[in-house]
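The values are calculated or read from the model by the stated rules, or taken from the named source; none is laboratory data. The shown structure was predicted, so the numbers you read here are calculated from the model rather than taken from an experiment. Cβ atoms come from the backbone with ideal geometry, glycine included; neighbour counts cover every protein chain shown.
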Amino acid sequence: MKEAVEKDLGYSVRDATDLGRTVDLQHAELWRACLTREGDGPDSVDFGAVPRGETCPSHWNAHVPAPRTPDLIGKDFDKSYAQLLKKGYNSRFIDVFYGGPGIVDQQEISRVHGEICSQSPKPGEPYDPSENVTLHVATGKCPSA
């Protein structure tokens with residue numbers, strides 16, 4: 001991708017698999033480019049990428065099993081958020097509630113510290129690119145049930 005930028009080519013980065021994940025360019029270091037093809041525009045390139053740790057497919061839109069939503073309840077937010085990003089969840093589609101009724105703005109995520117009290121989708125659910133992840137984080141420990 002660096003070469004495309006250096007040559008001032010237009011480029012896009014897409015999930016190389018059939019999962020339809022949106023590549024999170026805010027966390028591009030968690031993805032790796034595997035495939036390339038000519039882009040739609042003149043002098044443009046499409047890069048097919050997968051999260052680091054996943055095997056690169058041999059062709060575009062290769063079928064791969066959908067990852068399962070990890071069980072994050074009772075776990076540390078910082079580690080859990082990083083785990084979601086590493087699995088290919090896009091930060092723009094992770095809604096975090098912390099200390100109030102509103103969703104935490106993406107620029108404020110670094111101030112969130114605590115234990116995850118609830119999550120959606122539920123643990124074990126298959127990845128669905130149309131569904132946002134919702135995390136409710138305590139400002140410390142979750143209240144007892």
Considering only residues of the range 52-91 that are farther than 28 Å from Ile103 by Cα and small (Gly, Ala, Ser), which is nearest to the chain's Cα centre (by Cα)?
-> Gly53
State whether one or more residues within the range 87-97 are touching a residue at least 60 places away in the same chain (Cβ under 8 Å), surrounded by fewer than 17 Cβ atoms within 10 Å (Cβ to Cβ) and touching a Lys or Arg at 6+ places or on another chain (Cβ under 9 Å).
-> no
Pair list, Cβ < 6 Å and 6+ apart or interchain, from the range 21-44 residues that are on the phi > 0 side of the Ramachandran plot to residues that are among the charged types (D, E, K, R) | none
Selection within the range 55-75 - closer than 24 Å to Ser120 by Cβ and of a type outside the set (Gly, Ala, Ser) = Val64, Pro65, Pro67, Arg68, Thr69, Pro70, Asp71, Leu72, Ile73, Lys75
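Results for (1) closer than 22 Å to Leu85 by Cα; (2) of a type in the set (Lys, Arg); (3) at pLDDT below 90, shown as yes or no for each residue.
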site: Arg21; (1), (2), (3): yes, yes, no
site: Pro42; (1), (2), (3): no, no, yes
site: Val45; (1), (2), (3): no, no, yes
site: Ala49; (1), (2), (3): yes, no, no
site: Thr55; (1), (2), (3): yes, no, no
Does the range 131-144 include one or more residues that are in contact (Cβ under 8 Å) with a residue 60 or more places away in the chain, surrounded by fewer than 16 Cβ atoms within 10 Å (Cβ to Cβ) and under 16 Å from the mean Cα position of the chain (by Cα)?
-> no
Only one of Val13, Val45 is among the aliphatic types (A, V, I, L, M), buried (at least 19 other Cβ atoms within 10 Å of the Cβ), touching a helix residue (DSSP H, G or I) at 6+ places or on another chain (Cβ under 9 Å) and more than 23 Å from Arg92 (Cα to Cα); which?
-> Val45
All conditions in (1) of a type outside the set (Ser, Thr, Tyr); (2) under 30 Å from Ser144 (Cα atoms); (3) surrounded by fewer than 16 Cβ atoms within 10 Å (Cβ to Cβ) are true of Asp40 except (2)
